[in-house]
Each structure stands twice: as structure tokens, then as C-alpha cells.
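Peer 1: Once you've had a glance at the structure underneath, I'll fire off some questions.
Every number here is computed from the coordinates shown, using simple stated rules; none is lab data. Remember, predicted model here, so these are calculated numbers, not experimental data. Every residue, glycine among them, receives a Cβ derived from its backbone with ideal geometry; neighbour counts consider all protein chains shown.
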Amino acid sequence: MNGIRQIFGIVWILLGLAAGYFLVFEQSLLLFEKGGMDNVVPAIIYTFILAPLLTGGMCVFGLYALQNEYKSND
Amino acid sequence: MTSNLSSEQVDKKKLRKVIAASSVGTLIEWYDFYIFGSLSVVIATKFFPSDNPTAAFLSTLATFAAGFVVRPFGALFFGRLGDLIGRKYTFMVTLLIMGFSTFAIGLIPSYETIGFIAPLLVLILRLLQGLALGGEYGGAATYVAEHSEPGKRGYRTAWIQTTASLGLFISLLVILATKKSMSAEAFANFGWRIPFLISIVMVGISYFIRKNMDESPMFEKAKQEGKIVANPLKESFGKKLNFKFVLLALFGATMGQGVVWYTGQFYALSFLQKVANIEFEQSNYIIAASLAGGTGFFIFFGWLSDKIGRKAVMLTGMLLAICTYRPIYQAMYEAADVSLKTEVAGSKVIHTDYFMIPNSVDLKKTVKTEFSYTDGSKLTLEESSLTTIFPGKNPKKPEVKRIVHVGSSSFWFLILLVFIQVLYVTMVYGPIAAFLVEMFPTAIRYTSMSLPYHIGNGIFGGLLPAVATYLAAKASTANEVAVAAGQAIPYDKPYLEGLWYPIIIGGVCFVIGLLYVNGKDKEIND
């Protein structure tokens, strides 16, 4: 089970990176281009709050999983 | 590790007082937080005129900032305070901040009277509400858990878990009762302030109940033994040993719990009103009845988590939710779809009204066309158009509103469908306070459990209505473009596309929870 947990660490890192890319490049940039308060405020939230949270959080979580930090949870 | 609070040592009467004092205060905080959302349409007309860009910006900030950004900051700020000076004093402060802010919103003169100061004050008070809420929940959950005996922590803290749904339920009841007691005009003029103003009475009562409570025994013990840490934030998030559990709590539990919670209670209401076009009062009754029926299950699943483990209950709820959301929402859509019902022959009725807009040259014409169906459902097409009394000017484009009043059988069927979603909410949410409390040591418990809870609920859950609506609108637009180009439509059911957000987030959380969360019971006396 610990081996599976470690392998999945790579998945979480990739997922975090993909989520960050999607939020910044596929969503926020388009919203910034559209302009207007209704678009800019969500774009700021995606870029400066949600993307760092998801990317940073999932990558660190994945790294910990890779390092077998969660093995003691059995 | 063993608890110093055995079943025999716990004074049951005192424990009931602890639970009541904590739950009532938290309930009031949720009530205060929700009335703003439930009255957002009225508030927008009074404080945030849409034709003014600055006011509209403040409105967007009030919606996003208080719900998403400020709550985790409140969790950090008050969590730190709670781990330094104690749980009791901290959650008394959050109660007072929330009560004061809510009461003050009810007193602010409208934009028409004092201009920009009005929306600015509303924004500040709404931010204070978000901060207070961020600090309240963790304090109440920790306080109750630290008083509870081992083996019953899920059951005891589940009372705190009922408060969010009850707060929403009571806010809907107070608003509906206030509306019923006066004319629509009186409600729009001053009646909307009543739900805000009465909050001060409830907060006052709760404050005096809480004031007479003792500090948490575990915190007192930690304090006497000198185990209080100087910097709970650094301890929680700067040390891998604790931080890895903060991340696990977020990605393996609260993230999925947040989206299930928001789907079952808020997206369901939004879907009934905006997609199924069910009238305001009836859609609120559907949600209120489902909440009333489902709230007791928070206690049941909290109790069950003491018997079979938190992980089993929460993950089962999450799995059921992500597997059944699409069929449930399809059934909700069909229950209100009048094209699937039989129209009563000759039932079509047309009313036309004219209304001169005060201080203008515009005339408002409203044409209401009503259709009746054999199951008791009614469809009203309300077409409003503004025209000028001066000849030669073109009338503005008419707006058509579609309002559905469902018949009795569809009404009860919709209650059942929302009730099932509320059951999922109770499964994932009932045991979560005990689960979070058990993850962290006393010295950093308030800080460490509050942050993942409010990120999971405030950010992942709070973004749900906006993201889900965006996904559904994007699918509808793609269909319209395809139709205009003479191509096949890419989305068969565009109104269900918004559900991918809770399904994906919930799915990721389920896998993380299944792989990494420990299903065994834990003691919290460290």
C-alpha cells in the first residue's frame, strides 16, 4: 500500500501543475483580456489565490507522498 | 496516547451545556452569514446599483472576498489567538464581531441617501463577517471535542455540524416570514432590514450563555504544563510533521466535503431557480423542507462515525454523491420541465398591465401568459417591455421571464431529490469536526484544523456556484454556436455540465482520502 501511495505522489504533482496551467493560461488570461469587473475579480482570484493554492499545495502534497511521509497512517 | 477524559469523568450535564452554548453561537453566526446571501438581490438594489461601475466592483468584492478569501484569513488569525489565549475567549470575540457586523448592515442608509459610503460600509462589514466566521467554527468544534469523552466525539461534535444547515434553514424561514408579514413594497423599503436587526438579540443571548462557560480542559491542562506554543502558525505550517497533515486534511477530506456541501444546499437552490425556473418561494420551500428532514442525520452520521470510523462514513457519502449527481439533477430538471407535462385544454390566460415609471417618460408594459397542466403545475411567461411615451422613439427590447410553479407530486419529488443530496452532505459533514480535531495536537489544534476547513469550504466549495454556472453557460453557448453553424450540438444536456466541478474535485478528494487517510480512531489528549 505504501508503494501505491508513493507512486500516486507523481500523479498529485502533475495534477497540481495541470490545474495551475489551466487556471492561469486557459482561464485567467482570457478573463483579463475580456476586462470588466466581473471578469477581472475572478481572474485575480484564480491567478493569485486558487492557482498557487492548488499548484503549490498539490505539488508539496505529492512530494510528501513520494517521500513516503504518509506511510505511518496505516 | 490515552485520553484523560474517561466516560465516567465527563459530567453529562456540563457537557450538554457546552454543546448547547457552542452550537447556538455557531448557529447564529451561520444565520448571520447566510442572510446576506439570501437577501443579495435586495441588497444589490439598495447598495450596489448595477449601472454604477464602482458600486458593482464593490459588490463583486463583497461576494468573492468575504466568501473565499477572508474566511481562511479569519481561520489563521483567530486560530492563532485560540491556540495562544484559549478557545472560549476567542470564539466569544468572533460571535461579537459577527453580531455587530450583521446588526450594522441592517442600519446602513441606502446608496441613494449617502452615496458611496453605503456600499463601502457594507463591504467592510461583510469582510468582518467572513473573518468572524473563519474563526468561529474551529473554536466551537475544538471546544466541544476537547470536552467530549472518547468514543463519543463524533456524536458530540455533530451537534456543531448541524448548525450550518440550521443557520441556512432559519435564515430562509425568517426571510419568508418577514416577507409574508408585509407587502412586497414594504419589504423592499425596510422589511429586508429586520432579519439583520434581530440578529443582535440572538447574539446577546448567546454571548451571555458562552460567558459563563469554562475554558476547554485540554487547553487548560496544556497551559498549566507549559505546552502552549509561542507561534502556532509557524508550528502548524512551518514544520513538515504538522503541515503534511494540514495538506492531507485539505485534499483528502475538506475539499471534497466542501463541494458536496455547496452542491447539496446552494447549487441545488440555484439550479431550481435559474435552470428549472421554479418560482422563488416554492424553490425556497423545497430547500427548507429538505434541510428540515435531513438535519437530524448529521447527528446520526456523527454517531455512526464513532462506531465504524470517520473515513468510512465520509468517503461513502462522497462516492455516492459523485456517482449520482448527474441522474439526480436530470430528474430535477425533468420534474419542472413543462414540455413533459400535459396542458389543460383552454387554460391559457393572458393579463396585460401598464405602469408609468416615476420621474421618467418610460412606460412599462407587462404581459403575463399563464398555462396550466394536468398535474397542477403552472407556467407563467412574463414579458416586460419599456416604451417611451414620445412617438418616433424605438421601444426597448422586451425581457421574457419564465416562472414555473410545480404541482404537488413534482413538489414532493423535488423535495426527495434535494433531501438525498442533503443526506450526502450529512455523511461528509457530520463526522468532519471530530476527524479534523483528531488530526492535530492541542497546542496547534485551533489553527491547524481551521485553515483546511475554510479553504475546503470557502474556496473549493465557495467557488462552486460561479464555476458550475460558468461551465453550464459555456456549454449552452457552444450549442447555440453549433446550431447557428448548422452543426450537431456538442452537449446533449448543457444544464448538467456544471456538475463536473463537484464530480472532479470530489473524485480527486475521494482517491486521496481512500489512499492516505487513516481509518483508525485517534485520541486527542497529547
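Peer 1: Which whole number gives the average count of other chain Cβ atoms within 10 Å of the Cβ atoms across peptide B:454-461?
Peer 2: 1
Peer 1: Going by C-beta contacts inside 10 Å, put B:R71, B:R126, B:R80 in order with the fewest on the left.
Peer 2: B:R80, B:R126, B:R71
Peer 1: Hydropathy at least 1.6 by Kyte-Doolittle, axial extent at least 15 angstrom from the Cα trace: which helices of chain B, defined as entire DSSP H runs, fit?
Peer 2: Span-like helices in chain B: B:408-429, B:500-516.
Peer 1: Next question. By per-residue mean of other Cβ atoms within 10 Å, what is the highest-first order of B:457-469, B:490-502? Before the final figure, lay out each step's value.
Peer 2: Details: B:457-469: 23.5, B:490-502: 18.8.
My ranking of the peptides, most packed first, is B:457-469, B:490-502.
Peer 1: Can you give the local net charge around B:E136? Use residues other than it whose beta-carbon is closer than 14 angstrom to its beta-carbon, Lys and Arg +1, Asp and Glu -1. Can you show the working numbers first?
Peer 2: Details: positive: B:R71, B:R87, B:K88, B:R210; negative: B:E29, B:D32.
Within the 14 Å Cβ shell, the charges total +2.
Peer 1: Related question: Give or take rounding to whole Å, what are the principal axis extents of the alpha carbon atoms in chain B, in descending order?
Peer 2: Projected onto its principal axes, the Cα set of chain B covers 85, 51, 41 Å.
Peer 1: Starting from the alpha-carbon convex hull of region B:376-522, give the projected area averaged over all orientations, in nm². Before the final figure, lay out the partial values.
Peer 2: Numbers: hull surface 65.9 nm².
Over all viewing directions, region B:376-522 projects a mean Cα-hull area of 16.5 nm².
Peer 1: Quantify how strongly other chains surround peptide A:50-58 by giving the mean number of their Cβ atoms within 10 Å of each of its Cβ atoms. Mind showing how you got there, number by number?
Peer 2: Numbers: counts 5, 0, 0, 5, 4, 0, 1, 7, 5.
Whole-number average of other-chain Cβ neighbours for A:50-58 is 3.
Peer 1: What is chain A's relative contact order, in percent, from Cα pairs under 8 angstrom and six or more apart in sequence?
Peer 2: Details: 79 pairs, mean separation 40.3, N = 74.
This gives 54 percent for chain A.
Peer 1: Summing Lys, Arg as +1 and Asp, Glu as -1, what charge do residues with Cβ under 14 Å from the Cβ of B:V511 carry, B:V511 excluded? Intermediate values should be presented prior to the final figure.
Peer 2: On the way: positive: A:R5, B:K311; negative: none.
That works out to +2.
Peer 1: A further question on this structure: So how long is each side of region B:79-134 along the principal axes, counting just the alpha-carbon atoms, biggest first, in Å?
Peer 2: Taking max minus min along each principal axis of the Cα atoms, region B:79-134 gives 44, 16, 12 Å.
Peer 1: Show me, bin by bin at 10 Å from 0, the whole-percent P(r) of region B:313-453 based on Cα pairs.
Peer 2: Here the calculated profile for region B:313-453 is 10, 22, 18, 17, 16, 12, 5, 0.
Peer 1: Taking B:K239 as the anchor, which aspartates and glutamates have their alpha carbon closer than 19 Å to its alpha carbon, excluding any fewer than eight residues away along the same chain?
Peer 2: Partners found: A:E69, B:D83, B:E438, B:D526.
Peer 1: If you don't mind, there's one more thing I want to ask. Over every pair of different alpha-carbon atoms in region B:209-301, take the mean of 1/r and invert it; report that Kirkwood radius in Å.
Peer 2: The answer is 17.7 Å.
Peer 1: Using only Cα atoms, what Kirkwood radius does region B:444-520 have, in angstroms?
Peer 2: By the Kirkwood definition, the hydrodynamic radius is 15.0 Å.
Peer 1: Hey, which of these cross-link pairs are over 30 Å Cα-Cα: B:K341/B:K474; B:K14/B:K244; B:K12/B:K240; A:K34/B:K364?
Peer 2: Those over the limit are B:K14/B:K244; B:K12/B:K240; A:K34/B:K364.
Peer 1: Oh, and also: Return the ratio Rg/(2.2 N^0.38 Å) for the protein assembly as shown, where Rg is computed over Cα atoms only.
Peer 2: On the way: Rg = 25.1 Å, N = 600, 2.2 N^0.38 = 25.0 Å.
In units of the 2.2 N^0.38 Å rule of thumb, it is 1.00.
Peer 1: Let me ask something else. Sum up the charges of everything whose Cβ sits under 12 Å from the Cβ of B:S372, counting Lys and Arg as +1 and Asp and Glu as -1, but leave B:S372 out.
Peer 2: It works out to a net charge of 0.
Peer 1: Would you work out the charge dipole size for the protein assembly as shown about its Cα centre, treating the Cβ of every Lys and Arg as +1 and the Cβ of every Asp and Glu as -1, and quote it to the nearest 20 debye?
Peer 2: With Lys and Arg at +1 and Asp and Glu at -1, about 840 debye.
Peer 1: What is the mean projected area of the alpha carbon convex hull for region A:2-73, to one decimal in square nanometres?
Peer 2: Convex hull of Cα atoms, orientation-averaged projection: 4.8 nm².
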